[in-house]
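The values are calculated or read from the model by the stated rules, or taken from the named source; none is laboratory data. None of the values given here were measured: they were computed from a predicted structure. We place every Cβ from the backbone using ideal geometry, glycine too, and count neighbours over all the protein chains shown.
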Ligand code: URA
């Protein structure tokens, strides 16, 4: 039976405790719990929604205490054609295929469409992910775009001022024309939101289409020398530049309006 969740305690459900400790995804955690491999204070618990007091309870998996997850932060150059989901029912490649040597569980920070390539952060630190992906924090994301037609200055200005999409107007963006190639415009755009297929929809809103989309920057990070499909760990300095305040201060420094709380969860197939 799930225990009631008393207020004022650092409580999490058992499946979350396991996945947060980096032991695996929540689905895997639920399987282990169901199989009787997980105990709380020496007693086998088979209810994934069982409340665990992080300060007092000891959780074991196969009799071994869980180690607190080491925080990891990765930067991956996602190739076109890869999904940011964990598993694809249709068997298409996912970014996890590129991280096979990695032992820790990570999830992608925000989204990149299957046909978009470029920078993708992955971490097991939900608070860090929130600071990057939540539009309330306005972390700039830069994209290189090849449009299917020549875009006039007026069209690029409209993109910069903001266009109205089905889910509302977009924020002002920075737009820079780079070159014209065979009647197509190549430009760079920096946005501070991360709506579903946002850049593609913005370009459609001004009467063109995206032929190629590459995310070349997230805040101060750029694609640098990363090969397509390659990844590396962020340096401490890079993490500090991305999310400056220490964890304790972060909670009180949220901008207004308060960002929606986002649970880390396996990303949807895109
Ligand atoms: N905008 C898009 O249209 N697609 C992405 O993957 C990211 C931003």
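Points to keep in mind about this one:
- In this structure, residue 61 does not qualify as at pLDDT 95 or above and either surrounded by 14 or more Cβ atoms within 10 Å (Cβ to Cβ) or more than 16 Å from the ligand (Cβ to nearest atom) (or both).
- Pick from the range 105-151, criterion more than 16 Å from the chain's Cα centre (by Cα) and part of a loop (DSSP other than H, G, I, E, B), ranking: nearest to the ligand (Cβ to nearest atom): 115
- Within this structure, residue 85 passes the test of being touching a strand residue (DSSP E or B) at 6+ places or on another chain (Cβ under 6 Å) and assigned by TED's automatic domain parsing to the domain that holds residue 232.
- Taking the criterion of being buried (at least 18 other Cβ atoms within 10 Å of the Cβ) and either touching a residue at least 12 places away in the same chain (Cβ under 8 Å) or within 16 Å of the ligand (Cβ to nearest atom) (or both), the residues of the range 87-104 that qualify are 94, 95, 98.
A quick yes/no check of all residues on (1) buried (at least 18 other Cβ atoms within 10 Å of the Cβ); (2) modelled with pLDDT of 95 or more; (3) over 28 Å from residue 244 (Cα atoms):
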site	(1), (2), (3)
142	yes, yes, no
148	no, yes, yes
167	no, yes, yes
174	no, yes, no
179	no, yes, yes
187	yes, yes, yes
190	no, yes, no
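- Conditions (1) under 23 Å from residue 151 (Cα atoms); (2) away from the ligand (no atom under 16 Å from the Cβ); number of the one not met by residue 230: (1)
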